[in-house]
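One structure is given below, encoded as structure tokens.
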Amino acid sequence: MRLTLCWIDDEHGTGIAGEPAFGLAGVEAPGLRMRAIDYRGRPDLDALLADPRLADIAQRVAEGRWRIAVYGKPARPGMPIYEGDRIELLGPITADPKAVRHARVRADRARRGPGKWARGQGT
């Protein structure tokens, strides 16, 4: 079966100052890494991580540096995998997504100035 592994490269996880990404100044878009593999073992995540070709990835998962998801859904031990699945290796959350979004909206509103959606001006 053919699977796609994708993750953010650890070396770029903290970003580079001055390169904007995700609407935030000072944060560089981390390098997205992808690896397509042909896997012929038992069709579950535990067996996939035991594959010697993925030893570097299995080590990071075992150390707790990465968590696993399949198409954005958190994986569980022994979870079945299927042809064409996208296995995502997720690092720790370093910022509250809701707070980041609110900061981005506030910055955008400050940049645009008062307008239709300013308090008391809506129709």
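Here are a few things to note about the model shown:
- Residue in region 6-22 that is crowded, with 16+ Cβ neighbours inside 10 Å and modelled with pLDDT of 85 or more present: no
- Just one of the listed residues (Pro114, Pro92, Pro77) is closer than 30 Å to Asp44 by Cα, exposed (fewer than 11 other Cβ atoms within 10 Å of the Cβ), over 19 Å from the mean Cα position of the chain (by Cα) and not hydrophobic (A, V, I, L, M, F, W, C), and it is Pro77.
- From the list Ile81, Ile87, Ile68, Ile93, the lone residue that is touching a Ser or Thr at 6+ places or on another chain (Cβ under 8 Å) and β-branched (Val, Ile, Thr) is Ile87.
- Given (1) at pLDDT 90 or above; (2) touching a helix residue (DSSP H, G or I) at 6+ places or on another chain (Cβ under 7 Å), index of the condition Tyr82 fails: (2)
- Matching option when the condition is modelled with pLDDT under 85, outside any strand (DSSP E or B) and aliphatic (A, V, I, L, M), among Ala29, Ala55: Ala29
- Scanning region 79-106 for residues that are free of Cβ contacts under 8 Å to residues at least 60 places away in the same chain, among the hydrophobic types (A, V, I, L, M, F, W, C) and in a helix (DSSP H, G or I) turns up Ala99, Val105.
- Pairs where the first residue, in region 25-43, is among the hydroxyl-bearing types (Ser, Thr, Tyr) and the second is modelled with pLDDT of 80 or more, C-beta under 7 Å, 6+ apart: Tyr39/Met1; Tyr39/Leu3; Tyr39/Leu48; Tyr39/Asp51
- Within region 66-78, considering residues that are in a loop (DSSP other than H, G, I, E, B) and out of contact with any strand residue (DSSP E or B) (no Cβ under 6 Å at 6 or more places or on another chain), the one nearest to Leu48 (Cα to Cα): Pro77
The values are calculated or read from the model by the stated rules, or taken from the named source; none is laboratory data. Please read these numbers as outputs of a predicted model, since none were measured by experiment. Don't worry about glycine lacking a Cβ; one is built from the backbone with ideal geometry, like all the others, and counts go over all protein chains shown.
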